[in-house]
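Okay, structure first, notes after.
What follows is calculated from the coordinates using simple rules that are stated; it is not laboratory data. Predicted model only: the values in this text are computed from it and were never measured. Here the Cβ positions follow ideal geometry from the backbone for every residue, glycine too, while neighbour counts run over all protein chains shown.
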Amino acid sequence: MKKASGIPSVAFVILALLICTGFGSETRGVNNGQRYERLVVRNVLVIDGKGTPARGPVDVILQGNRIQSVRAARQEGDAYSEEPHVLDGTGLYLLPGLINLHAHIHDNRGGVPIPFEYLYKLWLACGITAIRDVGSNYEKTIGERKKSQDGAIAAPRIFLYMRAGGRTPEEARKSVQLIKKQGGDGVKIFGMDRDIMEAILDEAHRLELRVSHHVGVEETDARDDAAFGTTSIEHWYGVPDAALKGSQNFPSWYNYSDESDRFRYAGRLWREADPKKLEAVLESMVENGVHWCPTFVIYEANRDLLRAQNQPWFKDCLHPVLEKYFEPNPAHHGSYFWNWTTEDEVFWRENYKIWMKAVRAFSDMGGVVGCGEDAGYIYMLYGFSLIRELELHQEAGFHPIDVIQNATGNNARILGMEDRLGRIRQGYFADLILVDGNPLKNLKYLYPTGVEEMKEGQMVHRGGVQWTIKDGFVYHAPTLLEDVKKIVEGARSSE
Ligand SMILES: [Zn+2]
């Protein structure tokens with residue numbers, strides 16, 4: 001038995017368990033933050049990460065950090081009476097842990113420190129068992145990745161994609177070699193001239209590193225990603241750009257460095273894409289195995305600023321440092337809401353419609369769509385934003401079964417981990433979540449804050465991830481959320 005740090009008292013965990021009435025009656029010998037040689041998850045309905053409907057009930061046996069077996073549930077009351085560690089899944093849904101494909105492990109916002117523990121516990125409380133970091137303080141993140149691997153901290157698995165670049169192709173190749181040497185799991189690129197990008201992709205393929213491309217308004221676009229073999233396009237710029245006739249119709253005074261204008265005119269981009277050209281671009285992405293992580297959620301403030309500014313979890317879970325960072329300020333990336341107009345939102349709503357249709361079409365052609373949040377910017381809170389991202393995938397036309405697949409099996413595939421992660425299958429890593437409610441019926445069950453339901457004339461509060469299991473370590477998700485609230489409370493009172 002291995003212990004992870006940051007564990008509240010056993011008494012508190014027992015209290016928290018008692019609060020979860022109505023299920024878990026057979027749960028025993030399970031404490032927050034511990035891993036067991038053998039753990040039985042009993043009588044649970046499973047939604048796997050491979051695009052299949054719910055099935056069960058099943059019993060899932062975990063051995064250390066692996067899934068040892070998945071089998072039909074034994075219904076005899078005393079079936080597991082000899083087992084010391086049992087999680088009763090009656091009435092719950094078991095899913096592969098969610099993977100957040102676009103994350104940043106921020107150690108500060110606007111130069112003011114923010115604790116890693118705050119981010120990690122938000123992610124785990126939202127059912128996220130793995131993240132792909134695509135930009136952070138690498139030295140620190142390498143250390144954090146190790147602590148997470150060792151089970152020394154309560155944190156998701158960390159895959160680190162480090163930024164490559166250079167002024168010449170030679171420098172660019174060297175930067176990729178350095179990433180390999182430092183132990184990066186992959187390469188992140190951004191703002192690419194064509195010769196530099198070609199060199200980076202060639203070197204990355206040689207060293208067997210995956211490449212994620214945050215395409216901006218730059219020389220290269222999705223056609224280059226297809227030609228050079230990028231693993232995944234982040235966000236969406238670069239896709240409509242590749243389908244324009246010439247460049248976007250920017251006004252003469254437009255300056256890309258002004259973020260307010262940059263995001264305003266980004267909202268007028270998809271409408272300029274030629275549908276025929278766009279189809280060809282999407283086809284060539286599919287043919288060349290370029291995956292797509294759209295991060296719908298991170299731009300949602302652009303189509304509805306008031307919604308973004310008034311998310312209910314801000315009340316208890318928004319760290320004051322992050323709150324300050326979100327305020328309009330040209331010095332902070334993504335805090336560009338000055339002179340923002342109703343008209344801008346109207347354009348963005350249309351922008352979303354065309355964008356979502358393109359992502360849906362890409363998937364229909366056989367493209368692999370992933371799921372990430374990019375939180376810590378633009379009013380998006382870590383963890384909660386990934387759940388919102390799932391809702392936006394449904395809005396884009398994905399069936400909830402496919403939405404779950406995007407966030408689990410597909411993300412694992414994009415990471416090159418599809419033989420170990422993203423599924424509930426014998427031999428796979430024990431990265432699992434138990435949810436109070438069927439997310440195929442309502443994705444909102446995944447929000448830690450839950451939902452209100454009417455049951456026999458009574459209002460009942462339910463939902464939320466109850467247990468998050470990462471690498472065999474079992475976390476009581478509501479307890480983690482309480483920890484988050486305490487961190488926020490402490491930070492607010494010391495201001
Ligand atoms: Zn990002």
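What the table below lists for this structure:
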quantity: Net length gained if the chain between V112 and E452 were fully extended (0.36 nm per residue, minus Cα distance); calculated: 118.7 nm
quantity: Mean Cβ count within 10 Å, highest first, over the residues of peptides 221-229, 247-255; calculated: 221-229, 247-255
quantity: Rough spin-label spacing in nm, given labels placed 7 Å along Cα→Cβ, for E208 and S81; calculated: 5.1 nm
quantity: Karplus (6.51, -1.76, 1.60) ³J(HN,Hα), θ = phi - 60°, over segment 419-435, in Hz, Gly and Pro reported as x; calculated: 8, 9, 10, x, 9, 9, 8, 3, x, 6, 4, 7, 10, 9, 10, 10, 10
quantity: Burial ranking of peptide ranges 432-439, 483-490 (average Cβ count within 10 Å, highest at the top); calculated: 432-439, 483-490
quantity: Distance-filtered residues of segment 335-371 - backbone nitrogen under 19 Å, label point 7 angstrom along R268 Cα→Cβ; calculated: 336-355
quantity: Paramagnetic label zone (point 7 Å from Cα along Cα-to-C-beta, K245; backbone N under 18 Å) in segment 263-282; calculated: 269-281
quantity: Lys, Arg +1 and Asp, Glu -1 on Cβ, resulting dipole of the chain about Cα centre, debye, nearest 20; calculated: 940 debye
quantity: Ranked packing of 59-66, 175-182, 87-94, most packed first, by mean Cβ within 10 Å; calculated: 87-94, 59-66, 175-182
quantity: Partners for K181 among lysines (Cα-Cα distance below 20 Å; same-chain residues under 8 apart left out); calculated: K140, K146, K147
quantity: Residue-by-residue Karplus 3J(HN,Hα) for segment 94-109, coefficients 6.51, -1.76, 1.60, Hz, glycine and proline x; calculated: 9, 10, x, x, 6, 10, 9, 7, 9, 10, 10, 7, 6, 9, 7, 10
quantity: Fewest-first sequence of T230, T141 by Cβ atoms within 10 Å of each Cβ; calculated: T141, T230
quantity: 5 angstrom amide H check on A73, placed H, neighbours 5+ away; calculated: V58, D59
quantity: Number of Lys pairs (Cα under 29 Å; 8 or more positions apart or on different chains) in segment 240-353; calculated: 6
